[in-house]
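Report on the following structure.
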Amino acid sequence: SKMKLFTLLLLLGVYGCYSQTASPAYYDRRCGEDLGNLWLEVVAVVDNSKGMTNKGLINIAANIASVVSNNTRIGTDPNEPRTTRLGLVTYNAVASEAANLDTYQSLDDVYDGVFGALGHVSSSDESYLVHGLALAEDILEAGKQTAVNRTHFQRVVIVYASTYKGSGALDPIPVADRLKTAGVTIITVAYDQDGDGALTQDLSKIATPYYNFSNTDQAGNIIGEIQGALLQVNCFCPNAWTQYRVSYSDVFSYRYGVCIQPQGLNANWRAAQSSCRLQWKNSFLVNEYDQNKHDYVLAAARNTSGFIEPISYHIGLSLIKGVWTWDQPQGWTQPSLQNWSDWNPGFPIVSSSQTTVLNAQASTDMVTGWQNISPYTTGANYVCETASCDTENYCESVKSDN
């Protein structure tokens with residue numbers, strides 16, 4: 001699954017970020033991986049009916065505490081915005097608020113509060129997730145009022161369930177859909193007593209795609225899977241930017257720490273470069289290191305107003321001192337072209353004036369490739385790139401004036 005792959009990569013430590021190194025890494029930036037720098041709004045929703053059992057409930061308490069125990073800053077800090085607020089809801093026949101988003105202000109608060117609230121199951125045999133989700137929704141909305149500077153933080157609900165019940169007014173799906181429509185990510189963890197996978201399947205109706213886990217998963221690493229999911233959620237783009245991911249058609253596919261913004265206005269290459277550098281902090285003309293990135297940028301351009309067939313747009317490749325080099329923020333080291341390239345037939349043309357690159361589609365087919373042009377004469381659309389907002393790159397706001 002996507003999350004198992006993410007967890008494996010996380011353990012291997014291959015995640016990088018933009019940096020001013022002498023030899024910049026030649027791959028697209030991955031999402032930040034520093035769990036200590038998580039900045040999220042999270043509500044854990046826990047089934048504490050008899051079906052969960054005391055042992056299961058205590059295991060969940062340990063799971064919640066462990067997920068946030070890797071130096072994650074809990075609560076709010078006027079000097080450090082990269083903090084996570086954690087609320088806690090229990091549910092059975094009804095739902096109860098064990099903690100709102102301002103209750104826990106330290107990891108010790110989490111340990112004391114979570115184990116105190118989940119020390120034993122309730123006396124109820126009933127378990128209605130709809131009530132737990134509805135209360136989590138209320139807590140998240142109330143949290144917007146108590147910390148107005150966190151409205152751009154990503155919001156998450158983590159559900160721990162031992163059963164799935166409800167129809168009609170007790171159906172949890174409408175509430176879950178409402179949360180997801182509002183931008184809330186739902187992670188589900190099935191504590192499957194029967195081990196037949198039925199509960200996991202039922203909870204998939206609630207979960208955001210790829211974020212449906214089970215205590216019976218063969219990987220046996222629920223903590224790592226949830227942490228991986230939280231790192232992906234805490235990796236997003238400013239408004240009006242599109243996040244580069246494995247598949248353009250699958251909006252839930254693995255996301256990179258890269259944001260792109262196709263510009264549906266004509267400019268020459270040099271003007272496009274200057275424009276991109278003003279779109280966002282450390283933004284620049286887009287890099288295309290491989291076929292997947294090229295295809296993704298092309299798909300995004302085709303779905304942007306102002307781009308018409310035959311498609312053409314400037315990318316951040318230019319000839320500097322005889323070497324084809326990728327654009328970067330001003331003052332950063334620029335990587336030279338390596339491995340994969342996508343020159344149209346007959347290009348690059350050897351020329352002292354045609355030193356920048358355009359992605360151009362031949363009018364006779366759908367093939368789009370590179371051709372070198374003058375940086376000052378050829379007008380075309382263009383595509384900008386910047387780093388995502390994540391644990392390595394805090395964004396004070398996601399609003400853009402552009």
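Worth pointing out:
- Angle in degrees between helix 222-233 and the longest Cα principal axis of the chain, rounded to the nearest 10: 50 degrees
- Neighbours of Gly257 by Cβ distance under 10 Å: Lys/Arg scored +1, Asp/Glu scored -1, total -1.
- Once the Cα-Cα distance is subtracted from the 0.36 nm per residue extended length, the Ser69 to Asn266 segment shows a gain of 65.9 nm.
- Taking only alpha carbon atoms, segment 262-364 gives an Rg to Rh ratio of 0.93, where Rh is the Kirkwood radius.
- Structure-derived Rg/Rh (Cα atoms, Kirkwood Rh): which label, when the choices are (1) 1.05; (2) 0.95; (3) 1.00: (1)
- Vicinal HN-Hα couplings computed from phi for segment 68-79 (Karplus, 6.51 cos²θ - 1.76 cosθ + 1.60; Hz; Gly/Pro x): 9, 8, 7, 6, 4, 7, 9, x, 10, 9, x, 9
- Comparing Asn71, Asn79, Asn268 in a Gaussian network model of the chain, where Cα atoms under 10 Å apart are tied by springs, the biggest mean-square fluctuation is seen for Asn79.
- Treating each Cα of segment 174-281 as an identical point scatterer and summing with the Debye formula, the log10 of I(q)/I(0) at q = 0.17, 0.19, 0.21 Å⁻¹ comes to -0.91, -1.05, -1.19.
- Each Cα pair under 8 Å and six or more residues apart adds its sequence gap; the mean of these over the residue count of segment 291-349 is a relative contact order of 18 percent.
- Normalised by the number of residues in segment 83-149, the mean separation of alpha-carbon contacts (under 8 Å, six or more apart) gives a relative contact order of 39 percent.
- Computed over the chain, the per-residue total of -39500 (n - 2.57) for DSSP H runs of n ≥ 4 gives a 222 nm mean residue ellipticity of -8000 deg cm²/dmol, rounded to 500.
- Using C-alpha pairs under 8 Å with a sequence gap of at least 6, the mean separation divided by the residue count of segment 52-196 gives a relative contact order of 22 percent.
- Here the label points at Tyr26 and Gln291, each 7 Å from Cα along the C-beta direction, are separated by 1.8 nm in the simple model.
- Of the solvent-accessible surface of segment 329-370, computed with a 1.4 Å probe and all protein chains present, 51% belongs to carbon and sulfur.
- Across Lys293/Lys399; Lys50/Lys205; Lys165/Lys205, pairs whose alpha-carbon gap is larger than 19 Å: Lys293/Lys399; Lys50/Lys205
- Dipole magnitude of the chain, debye to nearest 20 (Cβ charges: Lys/Arg +1, Asp/Glu -1, about Cα centre): 1000 debye
- Projecting the Cα positions of Tyr376, Gln328, Asn393 onto the charge dipole of segment 314-402 (unit charges on Cβ atoms of Lys, Arg, Asp and Glu, taken about the Cα centre) puts Tyr376 furthest along the positive direction.
- Rounded Å value of the spacing that divides the Cα centres of segment 243-273 and segment 132-206: 31 Å
- Extended-chain gain in nm, criterion 0.36 nm per residue less alpha-carbon gap, Ala142 and Ser374: 78.0 nm
- Residues Ser247 and Val367, FRET efficiency given R0 of 22 Å [Cβ-Cβ distance, rounded to 0.05]: 0.60
- In the full protein context, segment 33-90 carries 31 Å² of accessible surface per residue, based on a 1.4 Å probe and ignoring ligands, DNA and RNA.
The values are calculated or read from the model by the stated rules, or taken from the named source; none is laboratory data. In this text the structure is predicted, and so the values were computed from the model without any measurement. In this analysis, Cβ positions are derived from the backbone assuming ideal geometry, glycine residues included, and neighbour counts consider all displayed protein chains. For accessibility, only protein heavy atoms count, side chains too; no ligands or nucleic acids. Shrake-Rupley method; radii C 1.70, N 1.55, O 1.52, S 1.80 Å.
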